[in-house]
Amino acid sequence: MSRFSFPYATKVPDDLHSARRELDDVDTLTTLERCFKIIHEPVADLLKTVTLPSNSVPGSASSLRVLVTSYLARFLKRSVFDTIKKRQTKLDHNLFDVIWPAMKKVTKERKIDEDLNAGVVIPDYDVFVVFQEFLVPLIQDMHCMEVQPNFDPHPPMQYFPRYVMAETQNETHESNGNVLRENPNEIQLNLDTSGRFITGAVVECCRNLDAFEFPLNLSIAQLERAERILTSKILSMLFANAIGEEELGTYYTMNEILESQSEIRTILATSGLLIPMLDHSDPYQTAESIALNGRYWPYGRGVYVSHNQDLVAWINAQEHLRVMCCTSSKNPADIGIAYSKIGRAMNFLEDKIQFKHSYFLGYLTSRPSYLGTGLKITLTLELPHLNKEKENLRHLSQVRGLYLLTSSDNQQSVRMSNTRSLSQCEWQIFQDYTGAITNIVALEKDLLMSNSMHIAATLLKIFRKKKNSLVEAAAIH
């Protein structure tokens, strides 16, 4: 188990994680200086090149999320930049390898992964140590934590509560206290039985193997070994039974997924279980694909699809393992079922496989917003009334620990994810998230009811005016 300590000394302690030499490449250092200038470019100048929503306030949370460079500027001050700009990890990754996503041009097709991670990616485990002055406050802010020198120890994994409060009372009207749950690995919770407001849900949990670096750094032989370790446990009836299925699923290589006429790719895309993928053969995407996936993409990658086709396990796709589960089209808000299936899958795999773990940062991931539990819950909602005032909706989401992503194609549809996955257990994250979503849906219902009452009152006034005019006309005749 990895145990990275916080806070760190000004220099990398004992030089255990760095390349033991400073970056001296003139071109790279010049590029970093240019990146720093872009990050600290005044918002007024950035607004000339980036189109924001009409109701967006410069410097607000929404504009900072669109202009990720402005967000990073809060943490990459000149003093911090000068301290870390010449550092390299043992694998020769420098600061540019961390912040390059923020340098990309803003596009209309914004992926929720990109937004959640604020333009930062972690190319190897040593980055957390080597660039700690920059990453510690950034990670804490990203996870809605108070920025401080120390992290609290990350709690043990816990997807399900073992006990529930007893509903029965004794003769003296005193509670019997906590009792064991009848179904300890099953949570029943539907956030929208009407199906009117929530149209879909996806729960994801990611992990990385303790004995391997992130996939982008692996050789062909290492990718093969990592793939075998994971598929040997997932492609088994024991795993199928653990997630509540009676038949074995199917494993597809990444080449099969990338085929232009891939039927399974269409199925996964429809259910929301297809991860964003770059085309390694496209010259415009090659550099970004190599930076994210390494030079051997799509070799040694694939996806396990469960027999029910509602749970998948992506292998060596940025993380070693990304397990995702969606709700059914009949009950899109039945988040308890999807969460429970993920919980059972992770409990099973945790007993079989050694994953990379830190005492303070929990499970280590290449995407910093997934640190800790690796858990991300995303719901798609239809909120026509709340969505009329996007800044208000964004504020309502933020104060409830939700990250909001709007769609340019569907003005009424939004996606909401939990912003925090660090320093809390899975069950606490699930409770906080579902409570916040319940509150948002209740606000939409209130607006809908108020609007309906207003329409009814308006129609009544029109009817009365029409009735009075008819009476007056009859009186004249």
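Once phi is turned into ³J(HN,Hα) by the Karplus curve 6.51 cos²θ - 1.76 cosθ + 1.60 with θ = phi - 60°, what whole-Hz value does each residue of region 85-99 show in order, with x for glycine and proline?
Values per residue, Gly and Pro as x: 5, 9, 7, 9, 7, 4, 8, 6, 8, 10, 4, 4, 5, 8, 9 Hz.
Note down the net charge around Lys356, summing +1 for each Lys or Arg and -1 for each Asp or Glu among other residues with Cβ under 9 Å from its Cβ.
Residues close to Lys356 contribute a combined charge of 0.
Report ³J(HN,Hα) in whole Hz for each residue of region 308-320, in order, from the Karplus equation J = 6.51 cos²θ - 1.76 cosθ + 1.60 where θ = phi - 60°; Gly and Pro get x.
7, 6, 10, 9, 10, 10, 7, 10, 6, 9, 6, 9, 5
What is the sum of charges, Lys and Arg at +1 and Asp and Glu at -1, for the other residues whose Cβ falls under 12 Å from the Cβ of Leu273?
Computed value for this residue: 0.
Sort 278-285, 151-158 for me by packing, meaning the mean count of neighbouring Cβ atoms within 10 Å per residue, highest on top.
Working: 278-285: 11.8, 151-158: 15.8.
Put in order of decreasing packing, that is 151-158, 278-285.
What list of ³J(HN,Hα) values in whole Hz, one per residue of region 223-233 in order, does the Karplus curve 6.51 cos²θ - 1.76 cosθ + 1.60 (θ = phi - 60°) give from phi, with Gly and Pro shown as x?
4, 4, 5, 4, 4, 5, 4, 6, 5, 5, 8
Taking the Cβ of Trp314 as the center, what net charge do the other residues with Cβ under 12 Å away carry, scoring Lys and Arg +1 and Asp and Glu -1?
Computed value for this residue: 0.
From the cross-link list Lys90/Lys376; Lys388/Lys445; Lys77/Lys376; Lys37/Lys86; Lys233/Lys341; Lys233/Lys356, which pairs have alpha carbons spaced over 22 Å apart? Could you put the intermediate results ahead of the total?
Numbers: Lys90/Lys376 30 Å; Lys388/Lys445 14 Å; Lys77/Lys376 30 Å; Lys37/Lys86 16 Å; Lys233/Lys341 16 Å; Lys233/Lys356 17 Å.
Exceeds cut-off: Lys90/Lys376; Lys77/Lys376.
Bear in mind these aren't lab numbers, they're just calculated from the coordinates by the rules spelled out. Remember, predicted model here, so these are calculated numbers, not experimental data. Virtual Cβ from ideal backbone geometry, glycine too; neighbours counted across all protein chains shown.
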